[in-house]
Amino acid sequence: MEKIRKNNDFRTVYRRGSSIADHYLVMYVLENGTGRNRIGISVSRKVGNSVVRHHLTRLIRESYRLHEDSLQPGHDIVVVARVRCKDAGYHDVERSLLELAGRHGILKGEAESN
């Protein structure tokens, strides 16, 4: 799993990528021209204290890791946790991540059928 670490890379995805949101997450996707996906996760202080933010980061990272093979390669993906995500469990986060990826058209099964 490759991560987006630089602030400039995050800003590029925010500015040039497309975004779709649901109750728990906002997902920005931008094609990166490589054969690999990179993921960046952002959890604001508004969501909670450092323990809550780190817990949500781990939930998002784990659900991405388990489903990384089902996503089309070549995208920069930034996932932003919303305040409502604070009370969500793993399955809620996983469902949200997959639904947003499907709506972006980057799920392998979804894109092939479109």
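The values are calculated or read from the model by the stated rules, or taken from the named source; none is laboratory data. Not measured: the values here are computed from a predicted model. Don't worry about glycine lacking a Cβ; one is built from the backbone with ideal geometry, like all the others, and counts go over all protein chains shown. Areas reflect the complete protein model, heavy atoms only, side chains present, ligands, DNA and RNA absent. Shrake-Rupley method; radii C 1.70, N 1.55, O 1.52, S 1.80 Å.
Please tell me if R61 is touching a residue at least 60 places away in the same chain (Cβ under 8 Å), surrounded by 14 or more Cβ atoms within 10 Å (Cβ to Cβ) and among the basic types (K, R). First the steps, then the outcome.
Numbers: touching a residue at least 60 places away in the same chain (Cβ under 8 Å): yes; surrounded by 14 or more Cβ atoms within 10 Å (Cβ to Cβ): yes; among the basic types (K, R): yes.
Taking the combined requirement at face value, the residue satisfies it.
Across region 7-23, what is the number of residues that are in a strand (DSSP E or B) and of a type in the set (S, T, N, Q)?
Matching residues across region 7-23 total 2.
Sort out which residues of region 75-91 are out of contact with any Gly (no Cβ under 6 Å at 6 or more places or on another chain) and not charged (D, E, K, R), and write them in order of number.
Answer for region 75-91, where residues must be out of contact with any Gly (no Cβ under 6 Å at 6 or more places or on another chain) and not charged (D, E, K, R): H75, I77, V79, V80, A81, V83, C85, A88, G89, Y90, H91.
Looking only at region 72-112, filter to residues that are assigned to a helix (DSSP H, G or I) and under 21 Å from G35 (Cβ atoms); which one of those is farthest from the chain's Cα centre (by Cα)?
Step by step, filter region 72-112, then rank; the result is E112.
Report, by residue number, each residue of region 64-95 that is among the acidic types (D, E) and either open to solvent by 80 Å² or more (accessible area, probe 1.4 Å) or under 19 Å from V13 (Cβ atoms) (or both).
E68, D69, D76, D87
Of everything in region 24-55 that's small (G, A, S) and part of a strand (DSSP E or B), which residue is nearest to H75 (Cα to Cα)? Before you say what the answer is, go through the steps one by one.
Let us first name the residues in region 24-55 that are small (G, A, S), namely 33, 35, 40, 42, 44, 48, 50.
Narrowing further to those that are part of a strand (DSSP E or B): 40, 42.
On the way: G40: 11, S42: 17 Å.
Top of the filtered list is G40.
Considering (1) crowded, with 16+ Cβ neighbours inside 10 Å; (2) at pLDDT 95 or above; (3) out of contact with any helix residue (DSSP H, G or I) (no Cβ under 8 Å at 6 or more places or on another chain); (4) within 24 Å of G109 (Cα to Cα), say which one F10 fails and leave the rest.
Of everything listed in (1) crowded, with 16+ Cβ neighbours inside 10 Å; (2) at pLDDT 95 or above; (3) out of contact with any helix residue (DSSP H, G or I) (no Cβ under 8 Å at 6 or more places or on another chain); (4) within 24 Å of G109 (Cα to Cα), F10 misses just condition (4).
Restricting to region 30-52, what's the tally of residues that are surrounded by 16 or more Cβ atoms within 10 Å (Cβ to Cβ) and either in contact with a Ser or Thr (Cβ under 6 Å, 6 or more places away or on another chain) or among the hydroxyl-bearing types (S, T, Y) (or both)?
Number satisfying all stated conditions: 3.
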